[in-house]
Structure formats: structure tokens, C-alpha cells
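Structure, as C-alpha cells:
Throughout, read-outs are computed from the coordinates displayed, never taken from laboratory work. For clarity, every value in this text was computed on a predicted model and none was experimentally measured. All Cβ positions, even for glycine, are placed from backbone atoms using ideal geometry, and neighbour counts span all protein chains on display.
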Amino acid sequence: MDLDICHLLLLPAGKAPPGPPEPTPEPRDAPDFFAVDIAFRSAGGRAIEAAGVRVDVTCQVLDDLVWVADCRYRLADALGTDAGQRKHTIEQTLDAALLEQAGVSADGLYVRYSIVLVESSPDPEQFAQEHAAALARLVRSLPKPPGERQAAEILHARASYSQTDLTIVDWVGAVIITDPGGHQYDIELLKIGNYQLLRYRMLDRAIERNLEELRRQLDDPRPRWRPERQRTIATVVEQRLELLLAFEKTARSLLFIGEWYSARVYSLIVLNLYLNDWREGVSQKLESLAAIDQTVRESLVFSWRRVLDMVQLAGWAFLLVGYFVLFILNNS
């Protein structure tokens with residue numbers, strides 16, 4: 001059986017090429033009050049070859065912060081014994097080409113996610129059960145076939161829109177079984193979830209840089225009233241405010257709850273991508289950054305007080321010397 005694969009690669013946008021805005025995705029069966037607070041912008045597309053397979057790449061930029069490559073290709077004999085390895089080779093080649101074009105190293109900051117697209121089956125639950133090992137191997141590109149228990153763990157998080165639809169979410173990939181043309185609804189949700197994951201990772205890295213800068217300021221033995229030090233700390237404080245605003249915007253996007261189908265799928269994405277754990281970790285680091293910032297501020301205040309005290313002592317010493325000189329002159 002040949003299957004379509006949707007491979008997503010997300011990078012920090014950097015200097016992303018300009019493009020026209022795109023309509024905001026409308027998830028399937030979403031509540032009326034839900035609105036995706038993310039701006040989508042087109043960034044072009046092209047067809048490339050990866051490991052002898054044609055891949056159609058469509059690019060987008062989300063919130064002018066994250067560049068997304070939506071890569072589609074057809075995997076022959078997708079349930080075969082070597083399909084996972086062939087899929088891994090195609091996507092490794094594809095990622096290497098895209099990262100090189102974007103000027104990002106292989107150990108840089110990016111997120112990759114792979115989605116297996118299956119056209120609707122009369123009984124998707126039965127299909128998933130019969131081909132559990134092959135689907136699990138395909139989702140995670142495993143070199144060896146997984147055991148029954150491992151396959152069940154990989155494919156356990158699932159939601160259904162109807163009797164002929166099934167979406168399975170894992171932390172590195174997903175399986176979407178639905179009618180032709182219906183895959184895009186859940187792909188958009190998975191794209192948003194991975195966008196939020198990358199945003200948290202970007203925030204985490206930015207906080208780490210600010211923490212290191214503030215630690216360096218605290219460990220610096222030079223006088224604390226140097227102008228360049230004050231400018232550096234002011235910059236760090238300003239960046240912390242920007243981080244707080246970015247964190248709050250990302251957190252607000254997670255408030256999509258309910259019993260609607262899209263909400264159920266999104267809750268699986270949040271759970272399996274560990275978005276709440278990332279949110280908690282970023283929140284704690286922001287608190288640490290605020291605490292260190294306060295310590296540095298207090299240290300600066302203390303240093304300036306010491307300077308003023310020294311100036312005051314020098315002034316009194318000067319007055320005493322002056323009085324002593326006048327006393328000698330008056331009595332000479």
C-alpha cells in the first residue's frame with residue numbers, strides 16, 4: 001500500500017522572505033469562540049528530490065517568528081518491512097537540504113514532525129489494529145519492528161470525528177485516517193502545536209542567554225558602576241519584558257479546551273508534545289531571571305551607595321584638611 005506522508009520542518013524565521021498573508025486555518029468542528037491567534041504568511045514553495053523521491057515543499061511563516069516547511073511525498077509500499085528506514089532516509093536527506101538552504105546547522109534549533117496520511121477506511125479502528133506494528137514503525141521510523149506492547153503505546157492517543165475518521169498523535173509523528181482532502185484540518189492543528197513547541201524552545205534558549213549574561217555581570221569583579229555594565233543590564237531587563245509578553249501570548253494559545261473534536265485532537269497534541277511541561281519550565285526560568293535581575297539591581301544600588309559614601313568621606317576629609325591648614329596659617 002502506497003501512502004502520502006506530510007513531513008513538517010519548523011525553524012526560527014530569521015530573515016524570512018516576504019509573502020502575502022494567508023487565511024487563518026479553521027479546525028474541523030471548532031467552537032464558535034475559538035480563534036487562532038497566529039498570523040500565517042506564505043513563503044513560497046517548490047519541488048525537490050530527496051533520496052530519489054519527489055517532494056513538494058510549501059513554506060509558511062507564522063507570526064513572523066517561525067518558518068514552516070510543509071513537505072509532501074508518496075511513500076511506496078508504506079506498510080512494508082523496510083518502509084520505516086526508507087522514510088527515515090528520505091526525511092533525513094530532505095531536512096539536510098532545507099537546513100543547509102536556511103543556513104542552520106544540524107545541531108541548531110528546529111522541530112521536525114512526520115504525519116502518515118491514510119485515505120478513509122470503512123473501519124479505521126480495525127485498520128489501525130491490523131497494521132499497528134507497521135504504522136507504529138512508520139510513525140517513529142523505527143529500524144526494527146516494534147513489539148505488540150510498544151506499538152500499542154505509540155498508537156494509544158487517538159480521537160475520532162466520525163466512524164470513518166481516526167487521528168493518532170505521537171510525540172514525533174501522527175497518523176490521520178480520513179476522507180480524501182480531509183487531512184488538512186488536523187495537519188493545521190499539528191502545525192500549530194509544533195509551532196508552539198518551537199516557540200517555547202526559542203523562549204527557553206533566550207532565557208538561558210539572559211541568565212548567563214546576568215550571572216556574568218554578578219561574577220564580574222570590575223566596579224559595578226561602569227556605564228557599559230548598566231547598559232547591558234538595562235538591555236537584559238528589556239529583553240525579559242519581551243520574553244514575558246511572548247510567553248503570555250503562547251500560553252493564551254493553549255486555552256483551547258472543550259469536548260469539540262478539534263479540541264480533543266489539540267489536547268492530545270498538547271499532551272504528547274509536552275507543551276504544558278515546556279510552559280512550566282519556561283515559567284520557572286522567567287522567575288529565576290526576574291530574581292537574578294532583582295539581585296543585580298540591588299547590587300547596583302548598593303554599589304552606588306558605597307560610591308556616595310566614599311565621596312562623602314572624601315569631602316569631610318578635604319574639609320578637615322582645609323580647617324587644619326587654615327588653623328596653621330592663622331597661628332603662624
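Values for this structure:
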item	result
In sequence order, calculated HN-Hα J values of the range 70-75 (Karplus, 6.51, -1.76, 1.60; Hz; x Gly/Pro)	9, 10, 10, 8, 9, 9
Simple spin-label estimate for residue 329 and residue 316 in nanometres, 7 Å along Cα-Cβ	2.4 nm
Estimated FRET transfer efficiency when R0 is 30 angstrom, pair residue 89-residue 163 (beta carbons, to 0.05)	0.25
Long-range HN-HN contacts of residue 39 with modeled amide H, under 5 Å	63
Cα-Cα over 28 Å, subset of 87/191; 249/285; 144/285	144/285
